[in-house]
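The numbers here are math on the coordinates, done by the rules we state, and not lab data. Not measured: the values here are computed from a predicted model. For neighbour counting, all protein chains shown are included, and Cβ atoms are generated from backbone atoms with ideal geometry for every residue, glycine included.
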Amino acid sequence: MRILLDGFTKSFGPMTVIDKMTLEIRDGEMLALLGPSGCGKSTTLFAICGIHKISAGRILFGDRDVTNVASQQRNVGVVFQSYALYPHMTVAENIAFPLEVKKLKAAEIKRQVDQMAELVHIEELMKRRPAELSGGQQQRVALARALVRKPDVLLLDEPLANLDSKLRLEMRSEIRRLQLATGITAILVTHDQVEAMSMCDRIAIMNAGEIVQIATPGEMYRNPRTEFVAGFLGNPPIAFLHGVATSGGFASVGGEAIALPASVPLPPPGSKLTLGIRPEHFGPTGNIPIRGRISFIETQGRENLYDVTLPSGSMLRSIQPLRGDVALNEEIEWSIAGDRILVFDEHGTRL
Amino acid sequence: MTSNFRAWPVVLALSIVSAPLVLMYVYLLVDTVTSTAPGSLIPYEFTLRHWTFLWTPVPGRPDIWRVALNTLVFATASSAIVLSLSSTAGYVLSRLNVPFRRFFLAGVMVLHAFPSVTLIVAIFLVLQMVGLYNSLAGVILVKAALDMPLGIWIMKGFYDTVPWEIEMAGIQDGASRFTVWRRLVLPQVRPALLALGLFAFLSGWSEFILPQVLAPDNRVQVLSVYLAGLIADDNNFDMALFKSVGVFYVVPVILLFLFFQKHLMNIYGGGTKG
């Protein structure tokens, strides 16, 4: 079901956390609300599920205006960060609870619970209590409980934050599989860009109560609208060089001159600029050579990450396939792929 | 087991210190089934004479079983009232955004700290006026009311530890606030309910001053008042009878403790783990 936040505003007392936000989630889409802590993404989530009353604006589920509809009548499934399983109930009772509240017949409840258990692969855990489950299993139960009442929208609040890294990988694809299998509209709230990029159709990146950009993960990575977005996406992260515009190029604070491709519309010389250079666009191949010293090498297995300190003290990162011919503190001359440089003005807006 | 000091001196010291206490309990039990010459410590005969109050009422006193039943009704009813009202009021104060919440919280605290004996004359007058003087119902209501502030405070403390997410999840699952409370939150505070219920029951079982003043009549007498009557009776002073009734009075308490000890120890075992 299509979800629309129209002019959504939320204030806590005199403080307005979110001001006139508009966000559309398409039918059957999985959208990530990505942003740092305190950016308002959880507030948005709570507004959609009805736990917070919104201060102004409208919320639409399909064509139905649910702005003043109580949580219970909204038909929203939520998976909480702590899973919020009911500790005194078995797994089966946990999943059955939403149906019992609806006063379905026992046989019907049993059928739907079993069906859901099969879908999330927890058939053999039905008699256990939450305390007897691992984190990943609890997560599956929470998903089953949220999905069993066939909600219009599934909300996931940092669902992977409490899992260890291996399980996180597994549950990432598992949640996506379930979302695709059920065709449900889903919203994932996360501060982890990898989760957002790997699980979702589109990402809405938030900062200080505003949506900075909405795009598909690939588009957002390639074509970030602001310095904030560029810095938030990408692992290892993008490196920034601060400096000023010169005629036809850029001079860093420390004095490196970098010629920029003509495709970038440069502001008048002397204006402040920031260059964003992703690690994969700096290496042995490229068209803008730059000298530096290797100040750190991080082995990641398939690749190595090199921190290169420029003479001015600024730092660039380079990620390259394993190579044995460079050592720490070695002076190198690598090149930047000039057409991939992201240029931002002094307000952080992409040029 | 290795230990950095010897155990036996400690055990010995503790034994000596607690010996008088143990002796007292021993004599309490021994004296109820024996007769001892005045001034002597060694009993000279075994007898069940002191326990005859169980089947023949002591002259001028109500039937002991009637009194025991009164006590049971008194303790059960007052603890039931305390439990049901504290479990709801505690939830409201912990979770719901009610007007004057802070005022109520402070009020409950003040009431708890208030020495209830000072109220007894006023309560006596009120009961007299509404016609509940010398009735079990009246004294039950008073007892419950006086125990309630502590109960509410304890329950509020336990509700505070129940994660909000459980309630949010319940709401999202479509349950009303009342269903959430009854089916999801209440089970989380079960250890507290059990402990508070037991506490209120024992408090009712041992309550003396309220029934003594507000319901002294033979019809509605409770065990503590009965016992006090025995010792206050200068004409037929019977130490052994007093002790026997005392044992009769305390046995249910000991049984309760034996039975619920585990639950009382487990009081902090509930709740969810993040």
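Among A:ALA245, A:ALA142, A:ALA106, which one shows the biggest mean-square fluctuation in a GNM of chain A, springs joining Cα atoms closer than 10 Å?
Judging by the Gaussian network model, the answer is A:ALA106.
Highest first, please rank the peptides A:26-38, A:323-335 by the mean number of other Cβ atoms sitting within 10 Å of their residues.
A:26-38, A:323-335
Where does chain A land at 222 nm, in deg cm²/dmol rounded to the nearest 500, when only DSSP H runs of n ≥ 4 count, each adding -39500 (n - 2.57), divided by all residues?
So the helix-based figure for chain A works out to -7000 deg cm²/dmol.
Placing +1 on the Cβ of each Lys and Arg and -1 on the Cβ of each Asp and Glu in chain B, which of B:GLN128, B:VAL108, B:THR34 has its Cα farthest towards the positive end of the resulting dipole?
B:VAL108
Given the options B:MET239, B:SER84, B:VAL22, identify the residue whose Cα lies farthest towards the positive end of the charge dipole of chain B (+1 on Cβ of Lys, Arg; -1 on Cβ of Asp, Glu).
Result: B:SER84.
Rounded to the nearest 500 deg cm²/dmol, what is the calculated helix-only ellipticity per residue at 222 nm for chain B, with -39500 (n - 2.57) per DSSP H run of length n ≥ 4?
One gets -21500 deg cm²/dmol as the mean residue ellipticity at 222 nm.
Around A:THR216, which amide H atoms from residues at least 5 apart in sequence, or from another chain, sit under 5 Å from its own amide H, with H modelled in the peptide plane?
A:ILE203
May I ask for log10 I(q)/I(0) of chain A at q = 0.09, 0.12 Å⁻¹, from a Debye sum over the Cα atoms as equal point scatterers with solvent left out?
-0.62, -0.93
Can you find, among A:TRP334, A:PHE282, A:ALA161, the residue sitting farthest towards the positive end of the charge dipole of the protein assembly as shown, where Lys and Arg contribute +1 and Asp and Glu -1 at Cβ?
A:ALA161
Using θ = phi - 60° and the Karplus curve 6.51 cos²θ - 1.76 cosθ + 1.60, what whole-Hz ³J(HN,Hα) does each residue of the stretch A:232-245 get, with Gly and Pro shown as x?
7, 8, x, 9, x, x, 5, 9, 10, 10, 9, x, 10, 7
Give the Rg/Rh ratio for the stretch B:41-136, taking Rg as the radius of gyration of the Cα atoms and Rh as the Kirkwood radius, to two decimals.
1.19
So, in nm, how far is label A:ASP27 from label A:GLU132 when the simple model puts each one 7 Å beyond its Cα toward the Cβ?
Simple spin-label model gives 4.3 nm for this pair.
Of all the C-alpha pairs in the stretch A:284-351, what % are more than 14 Å from each other?
It works out to 63 percent of all Cα pairs.
With +1 assigned to the C-beta of every Lys and Arg and -1 to the C-beta of every Asp and Glu, and no other charges, what is the dipole magnitude of the protein assembly as shown about the Cα centre in debye, to the nearest 20?
The calculated dipole for the protein assembly as shown is roughly 1160 debye.
Past 31 Å, Cα to Cα, is the threshold; run A:LYS53/A:LYS102; A:LYS102/B:LYS143; A:LYS41/A:LYS150; A:LYS150/B:LYS156; A:LYS103/B:LYS143; A:LYS10/A:LYS150 against it and keep the listed order.
Cα-Cα > 31 Å for A:LYS102/B:LYS143; A:LYS150/B:LYS156; A:LYS103/B:LYS143; rest within.
Counting only other chains, and only Cβ atoms inside 10 Å, what mean value do you get across the residues of B:158-165?
Shielding by partners across B:158-165 averages 2.
Suppose R0 equals 30 Å. What FRET efficiency, 1/(1 + (r/R0)^6) with r the Cβ-Cβ distance, do B:VAL22 and B:MET239 give to the nearest 0.05?
0.90
Can you give me the C-alpha center-to-center distance between the stretch A:188-219 and the stretch B:203-260, rounded to a whole angstrom?
72 Å
Just checking the output field for A:69-80: average partner chain Cβ neighbours within 10 Å of each residue's Cβ?
Mean partner-chain Cβ count within 10 Å for A:69-80: 4.
Across all directions of projection, what mean area in square nanometres is found for the Cα convex hull of the protein assembly as shown?
45.3 nm²
From the phi angles alone, apply the Karplus equation (6.51, -1.76, 1.60; θ = phi - 60°) to the stretch A:317-327 and give each ³J(HN,Hα) in whole Hz, x where the residue is Gly or Pro.
10, 9, 10, 9, x, 3, 8, x, 8, 10, 10
Which whole number in µm²/s is D for the stretch A:198-261 by Stokes-Einstein, with the Kirkwood Rh taken over Cα pairs at 10 °C and 1.306 mPa s?
117 µm²/s
If you consider only alpha-carbon coordinates, what radius of gyration and Dmax does the stretch B:7-47 have, in Å?
Every Cα atom of the stretch B:7-47 included, Rg and Dmax give 13.9, 41 Å.
Which distance in Å, rounded to a whole number, links the C-alpha centroids of the stretch B:80-112 and the stretch A:222-279?
Here the answer is 61 Å between Cα centres.
Under 5 Å between amide hydrogens, which residues at least 5 positions from A:VAL78 or on another chain qualify, with H placed 1.01 Å from N in the peptide plane?
A:LEU155
So if I restrict to the alpha-carbon atoms in the stretch A:239-345, what is the Rg, and what is Dmax, the biggest pairwise distance, in Å?
Over the stretch A:239-345's Cα set, Rg and Dmax evaluate to 13.8, 44 Å.
Can you tally the net charge around A:VAL308? Count Lys and Arg as +1, Asp and Glu as -1, for every other residue whose Cβ sits under 13 Å from the Cβ of A:VAL308.
Counting the neighbours of A:VAL308, the net charge comes to -3.
Stokes-Einstein D for the stretch B:145-194 at 25 °C, 0.890 mPa s, Kirkwood Rh over Cα pairs, in µm²/s?
Approximately 212 µm²/s, per Stokes-Einstein.
With a ≥ b ≥ c taken as the square roots of the eigenvalues of the C-alpha gyration tensor of the stretch B:129-227, please select rounded if a/c is under 1.5 and otherwise prolate if a/b is larger than b/c or oblate if it is not?
Since a/c reaches 1.5 and a/b is larger than b/c, the shape of the stretch B:129-227 is classed as prolate.
Ordered by residue, what ³J(HN,Hα) values in Hz, to whole numbers, does the stretch A:94-101 give under the Karplus form 6.51 cos²θ - 1.76 cosθ + 1.60, where θ = phi - 60° and Gly and Pro are x?
Per residue, the Karplus-derived 3J(HN,Hα) values read 4, 5, 6, 3, x, 6, 4, 4 Hz.
Using the Kirkwood formula on the Cα atoms of chain B, what hydrodynamic radius do you get, in angstrom to one decimal?
Taking every pair of different Cα atoms in chain B, averaging 1/r and inverting gives 22.1 Å.
Using a 7 Å offset from the Cα along the Cα-to-Cβ direction at both A:ARG302 and B:VAL98, what is the distance between the two label points in nm, to one decimal?
6.0 nm
Which order do peptides A:60-68, A:268-276, B:168-176 fall in by mean Cβ count within 10 Å, highest first?
B:168-176, A:268-276, A:60-68
Distance between the C-alpha centers of the stretch A:34-51 and the stretch A:53-71? Whole Å please.
Taking the Cα centre of each part, the stretch A:34-51 and the stretch A:53-71 sit 15 Å apart.
Using amide H atoms built in the peptide plane, which far-off residues or other-chain residues are under 5 Å from B:THR47 H to H?
Sorted by chain and number, the residues that satisfy this are B:THR34, B:SER35.
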